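To keep things clear, I will list the structure first and then write my remarks on it.
Read-outs: derived from the displayed coordinates by stated rules, not from any lab. Just so we're clear, the structure is a prediction, and the values are computed from it rather than from any experiment. Every residue, glycine among them, receives a Cβ derived from its backbone with ideal geometry; neighbour counts consider all protein chains shown.
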Ligand code: SDX
């Protein structure tokens, strides 16, 4: 017998169906609440509110579980290529060899940016944050392909947009970096794989070609997989809401980039490194900064700690922490901020303030350590997150479109002034 939830209001009992997910998650379907009762719910930050059913990613915050289409993140991070995971998230199954070969080749053939766009980059100041360039570039990309704006048809145009975004985002990202360095842009090469191509566009110079270190390429592949999706996070929810108005996929993803930029979300990886460097420059007194993070009167937060869903360890942080040790050892890099990060983690995990609130290192706490070892500047860290998260945004958008989801438009409880008449300015 299906479960029901009962709500008593003013002596009347209302019943609402309970939905059970494939992992036994429960939800009360309140889609008839307002028409039945005249009431709405209120849940700032949607901490208790589901916006959709989804078959893409499963998280269990209490047990630290993360699976993409049922595959554990630990296995994908160890065994898969990033584009394989992108295919899995977007199309729902791991590709066969033939499907994957065709998918990779198609993407390779779309990595070039329309030459008219190259001049856009020259217009930005050197100090322009690459996330601002990326958000603007993705929306600008839509102006070159007006025939592919309709999210519903033709399917070939929608697929072509998906290929173009996956192919061109690394090129846009690398060109944003070259703009900041005031170096000439480097064009994609068809003989390099996804990660190698990005690294080459980032670090190759007219004076000497960049030799891709396989350790670096493998570390990047793993980091991109770990960032590929995370169910209804702030930026994915943003992509869904923007896409629900039937705005095109380019601009929906651009909105996701803007949401990701915030330091409470994807911008945290840059904020973590800046925090660790500030602690090092302040003499490395970890206890002093832990106390600042606990002080309600101090705005300082321990960046890279805490999560809306994970109230236990973030499985991605566990994988990245180990990878940071491996990569720094393989590259012979000794980064003093890694030691500070580990000390911070040890002190925080033994402190009741953090334990009682379920505040553990999240995906952003160690990722910056690896990016630094790969010589990626901190302003590019959130761009790296965006490159990883793109397949997830596309998958979430595609599911929303295929589900024919209604436009996202929340209700509110009005608490402002009640009715009053206009007063002429000379009588105010
Ligand atoms: C990402 O949603 C996703 O899946 C996101 C993400 C993804 O893959 O898409 O996982 C990526 O965004 C990871 C999070 C990166 N952000 C940071 O590292 C920034 C620092 N963390 C926080 O600001 C915070 O933990 C959030 C934003 C991540 C979560 O905030 P919530 O769920 O709204 O929790 P909250 O702010 O209400 O905090 C609950 C309590 C509060 O204290 P009390 O009011 O109970 O006394 O915990 C405290 C907060 O003050 N707290 C922290 C803290 N995080 C929460 N105190 C000190 N340092 C922190 N980092």
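The separation of the range 69-137 from the range 355-395, counted between C-alpha centres, amounts to 16 Å.
With a cut-off of 14 Å, note down the residues of the range 335-360 whose backbone N falls inside the zone around a label point 7 Å from the Cα of residue 287 toward its beta carbon. Flagged as within label range: 344, 347-348, 351. Starting from the Cα gyration tensor of the range 316-428, take the square roots of the eigenvalues, sort them a ≥ b ≥ c, and report rounded, prolate or oblate (rounded when a/c is under 1.5, otherwise prolate if a/b is larger than b/c, else oblate). Prolate is the answer for the range 316-428, as a/c is 1.5 or above and a/b outweighs b/c.
Please find the FRET efficiency linking residue 115 to residue 156, where r is the Cβ-Cβ separation and R0 is fixed at 35 Å, and quote it to the nearest 0.05. Intermediate values should be presented prior to the final figure.
Numbers: r = 24 Å, r/R0 = 0.70.
E(calc), rounded to 0.05, equals 0.90.
If you bin all the Cα-Cα distances of the range 4-50 at 10 Å, starting from zero, the percentages per bin are 23, 51, 24, 2. Is the range 164-317 best put as rounded, prolate or oblate by its Cα gyration tensor, with a ≥ b ≥ c the root eigenvalues, rounded for a/c under 1.5, and otherwise prolate when a/b is larger than b/c, oblate when not? Oblate, because a/c is 1.5 or more while a/b does not exceed b/c. Taking packing as the residue-averaged number of other Cβ atoms within 10 angstrom, the listed peptides 126-132, 226-232 run from highest to lowest as 226-232, 126-132.
Between rounded, prolate and oblate, where does the range 378-423 land on the alpha carbon gyration tensor, with a ≥ b ≥ c its root eigenvalues, rounded for a/c under 1.5, else prolate if a/b exceeds b/c? Please list the in-between numbers first.
On the way: a/c = 5.33, a/b = 1.84, b/c = 2.90.
Oblate is the answer for the range 378-423, as a/c is 1.5 or above yet b/c matches or exceeds a/b.
Contact order for the chain, expressed relative to its length and based on alpha carbon pairs under 8 Å spaced 6+ residues apart, stands at 20 percent. Most tightly packed first, judged by the mean number of other beta-carbon atoms within 10 Å of their residues, the peptides 389-398, 43-52 read 389-398, 43-52.
R0 = 56 Å: FRET efficiency of residue 208 with residue 407, Cβ-based, nearest 0.05? All intermediate terms of the calculation are to be shown ahead of the outcome.
On the way: r = 52 Å, r/R0 = 0.93.
The pair residue 208/residue 407 has a calculated efficiency of 0.60.
So what is the calculated 222 nm ellipticity per residue for the chain, using -39500 (n - 2.57) for each DSSP H run with n of 4 or more, over all residues, to the nearest 500 deg cm²/dmol? Let's see the in-between values first.
Details: 18 runs with 221 residues, N = 428.
Helix contribution divided over all residues of the chain: -16000 deg cm²/dmol.
Counted over the range 186-244 with a bin width of 10 Å, the fraction of Cα pairs per bin, in whole percents, is 21, 34, 24, 19, 3. Its Cα gyration tensor gives the chain an equivalent ellipsoid. The semi-axes, each the square root of 5 times an eigenvalue, are 36, 29, 24 Å from largest down.
What percent do you get for the relative contact order of the range 4-50 when only Cα pairs under 8 Å and 6+ apart count? Don't skip to the answer; put the middle values down first.
On the way: 42 pairs, mean separation 11.1, N = 47.
Answer for the range 4-50 is 24 percent.
For the range 175-222 versus the range 271-286, the spacing of their alpha-carbon centroids is 29 Å.
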